[in-house]
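The block underneath contains the structure these notes are about, expressed in structure tokens.
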Amino acid sequence: MKKRNNLLEGPILKSILVISIPIIFANVLMTIYQLIDTFWVGRLGLEAVAAVSLSFPILFFLTSWAMGFTMAGSILVAQYNGKKDSENVSLSTGQTITLMLFFSVIISILGYFSSGFFLSFLTKDPSVLTQATSYLKILFLSTFALLIFSAFQSSLRSVGEVKFPMMVVLITVVLNFFLDPLFMFGWNFIPAMGVSGVALATLVTQYLSAMVGVVILVKGNYGVKLRLRDLKLRRLWIKKLFKLGFPSSIEHSSRAFGMVLMTFVVSIFGTLAVAAYGIGTRVLMFVIIPAVGLSISISTLVGNNLGAKRYNRTEKIVKTGIKLGFFALILIGILLFIFARQITQFFVPNEPELIVMSALFIRIMALSFGFIGIQMTIIGTLKAAGKTTTSMLLAMFHTFLLFILSFILAISFGLKELGIWVAYPAANFLSLILAFYFYRKKDWLKKELI
């Protein structure tokens, strides 16, 4: 009850920070999870870094189809929680988890047997292709755990419980830090598995976190109690989840497909450019984490307040979030612009050409981080109100705009990889204009789904 009151009452800035800070920290940890992999793989050489860089967009693309439905579940959980309807809070969670089980089977089978086929379009280097294929196959076997934990995390966040999921992520990150070199280099009876060992470490930690999530939901200690009857699919609920979730799936997959398209463009310019792009985008993921955390917290607050019919407070929450997102990411952008070379050098200390190229990419992207902060706040607002189709259109616009600009600047204008780097701030600015248009329409305000 106290958590619910914090969502609906009290100072707005405090409410945003209480929810967003643990989410941001949890997302920072998830990115550190990825950066730890990059750190250890960087010790294996340029080809290993490129292999991991090529694999991630494909995994992200296939799993993103299911992730949209966790967003649908979280929207329903937030609005039912605002309405004090604990029965349907639990039912929303159960229906979402069952859908995740269904999707994970499909994605695991498809991804495992088609990894080499997909990767063959992105590289012709046999060493890179072999390592990337073995790495990606193992990761696809962890899809089940990844999706279940995502559903658990989304449900708890929607009722205002953000600290416990953060602690689970913290433990898995620490464990991953030690398992990566253990499986990668081998020790005693454990064989050295190289890049595949990094993927195996990820698989182990993800399954552990999923097991913890299921136990917590069954116990029901944090505002969401999962019961066996909630897992049986119901036609009405599936229609609700698909109505909200399918556009979100398209949104997530379009962003993921954009990464695949961008990787394809970058790969035209060789292994060095691919590795630089991989490092730069990993840093970008780390940078936008505050914006993603803010977006999730805004979505949680807006959803709960719409469910409770507190419309004036809802509007104030969004305005405060826009200001906070802009200034926070501007500050981060300045810091990254200054320390871009040192950050890159940390990951690949013995590759001077890669350091220079990656640092330039980071500095150019840093110019538009404030725009990302505003966009993510607006997107979180639209999703909480069930305007997932609008959010999908914004994501698709940014994806294809970035690809078109990159292709024109890099190939038509002959700027090569520099054209790709420049396309990022340009696409972010133009996408912000469209997002602000939808925000100003205010058709998201007073939008109830339940």
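Among the residues making up segment 367-378, those that are aliphatic (A, V, I, L, M) and open to solvent by 10 Å² or more (accessible area, probe 1.4 Å) are Leu367, Ile372, Ile374, Met376.
Against the test of being within 19 Å of the chain's Cα centre (by Cα) and open to solvent by less than 10 Å² (accessible area, probe 1.4 Å), the options Leu139, Leu156 yield a single qualifying residue, Leu156. Residues in segment 410-425 that are open to solvent by 40 Å² or more (accessible area, probe 1.4 Å) and touching a residue at least 12 places away in the same chain (Cβ under 8 Å): Ile411, Lys416, Glu417, Leu418, Val422. Take Leu231 and tell me if it is under 20 Å from Gln153 (Cβ atoms), open to solvent by less than 20 Å² (accessible area, probe 1.4 Å) and either touching a residue at least 12 places away in the same chain (Cβ under 8 Å) or more than 18 Å from the chain's Cα centre (by Cα) (or both). Judged against the criteria, Leu231 is not a match.
Say we look at segment 333-366 and pick out the residues that are at pLDDT below 90 and β-branched (Val, Ile, Thr); which of these is most open to solvent (accessible area, probe 1.4 Å)? Checking each candidate, the answer is Val356. Scanning segment 75-107 for residues that are open to solvent by 20 Å² or more (accessible area, probe 1.4 Å), of a type outside the set (Val, Ile, Thr) and either over 18 Å from Ile238 (Cα atoms) or in contact (Cβ under 8 Å) with a residue 12 or more places away in the chain (or both) returns Asn81, Lys83, Lys84, Asp85, Ser86, Asn88, Leu101, Phe103. Summed over segment 203-224, the residues that are closer than 14 Å to Thr93 by Cα, touching a Leu at 6+ places or on another chain (Cβ under 7 Å), part of a helix (DSSP H, G or I) and touching a residue at least 12 places away in the same chain (Cβ under 8 Å) give a count of 1. Could you check, for segment 384-400, whether at least one of its residues is of a type in the set (Lys, Arg), open to solvent by less than 50 Å² (accessible area, probe 1.4 Å) and either free of Cβ contacts under 8 Å to residues at least 24 places away in the same chain or part of a helix (DSSP H, G or I) (or both)? Within segment 384-400 (the criterion being of a type in the set (Lys, Arg), open to solvent by less than 50 Å² (accessible area, probe 1.4 Å) and either free of Cβ contacts under 8 Å to residues at least 24 places away in the same chain or part of a helix (DSSP H, G or I) (or both)), the answer is no, since none of the residues qualifies.
The values are calculated or read from the model by the stated rules, or taken from the named source; none is laboratory data. Computed from a prediction, not measured in an experiment: that's the story for all the values here. Counting neighbours? That spans all protein chains shown, and the Cβs are built from the backbone with ideal geometry, glycine included. In case anyone asks, the SASA skips ligands and DNA or RNA and just uses the protein heavy atoms, side chains included. Shrake-Rupley method; radii C 1.70, N 1.55, O 1.52, S 1.80 Å.
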